[in-house]
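Student: One structure, as structure tokens, below. Some questions next.
The values are calculated or read from the model by the stated rules, or taken from the named source; none is laboratory data. The shown structure was predicted, so the numbers you read here are calculated from the model rather than taken from an experiment. Cβ placement follows ideal geometry from the backbone for every residue including glycine, while neighbour counts extend to all protein chains displayed. The area values use the complete protein model at the heavy-atom level, side chains included, leaving out ligands, DNA and RNA. Shrake-Rupley method; radii C 1.70, N 1.55, O 1.52, S 1.80 Å.
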Amino acid sequence: MPTENITVIPTTGFLRLNQVLRFIPVGKTAWYDGIKEGRYPAPVKLGPRTAAYRAQDICALIERLGQSGETV
């Protein structure tokens, strides 16, 4: 199943990890480490084998990183 090529984060809905990583330039391992450390939002389980991230959480993360000057 092809994923859509998004260039703008929607205000509501969910993003899969590959979509999130287009906006947050880190690798998967660094992303999962950041979740464990509380730096990045945890995914929401949508099904037994499906997880996604709330678009609002990703927008808030990007805004927080931009305001603090923190590196990802």
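Student: Roughly what would the spin-label model give for C59 and I9, points 7 Å off Cα along C-beta, in nm?
Tutor: 0.9 nm
Student: Need the full-extension length gain, K28 to A51, defined as separation in residues times 0.36 nm minus the C-alpha distance. One decimal, nm.
Tutor: Extra length available between K28 and A51 comes to 6.9 nm.
Student: What is the gain in length, in nm to one decimal, between I35 and L17 on full extension, counting 0.36 nm per residue of separation less the C-alpha to C-alpha distance?
Tutor: Working: separation 18, 0.36 × 18 = 6.48 nm, distance 1.22 nm.
Taking 0.36 nm per residue and subtracting the Cα distance, the gain is 5.3 nm.
Student: Related question: Heavy atoms only, 1.4 Å probe, whole protein assembly: order K45, K36 by accessible area, highest first.
Tutor: Values: K45 135, K36 170 Å².
Largest to smallest exposure gives the sequence K36, K45.
Student: Would you kindly calculate the translational diffusion coefficient of the chain, applying Stokes-Einstein with the Kirkwood radius from alpha carbon pairs, for 37 °C and a viscosity of 0.692 mPa s, and quote it in µm² s⁻¹ without decimals? Numbers along the way, then the final one.
Tutor: Working: Rh = 12.8 Å.
Taking Rh from Cα pairs, D becomes 257 µm²/s.
Student: Explain nothing, just compute: Karplus ³J(HN,Hα) = 6.51 cos²θ - 1.76 cosθ + 1.60, θ = phi - 60°, for every residue of segment 40-46 in order, whole Hz, x for Gly and Pro.
Tutor: Those phi angles translate into 10, x, 7, x, 10, 6, 9 Hz.
Student: If you don't mind, there's one more thing I want to ask. So how tilted is helix 28-37 from the main axis of the chain? Cα-based, degrees 0 to 90, rounded to 10.
Tutor: Here the helix axis deviates by roughly 70 degrees.
Student: Which order do L61, L46 take when ranked by solvent-accessible area (1.4 Å probe, heavy atoms of all protein chains), largest first?
Tutor: Working: L61 5, L46 95 Å².
From most exposed to least exposed: L46, L61.
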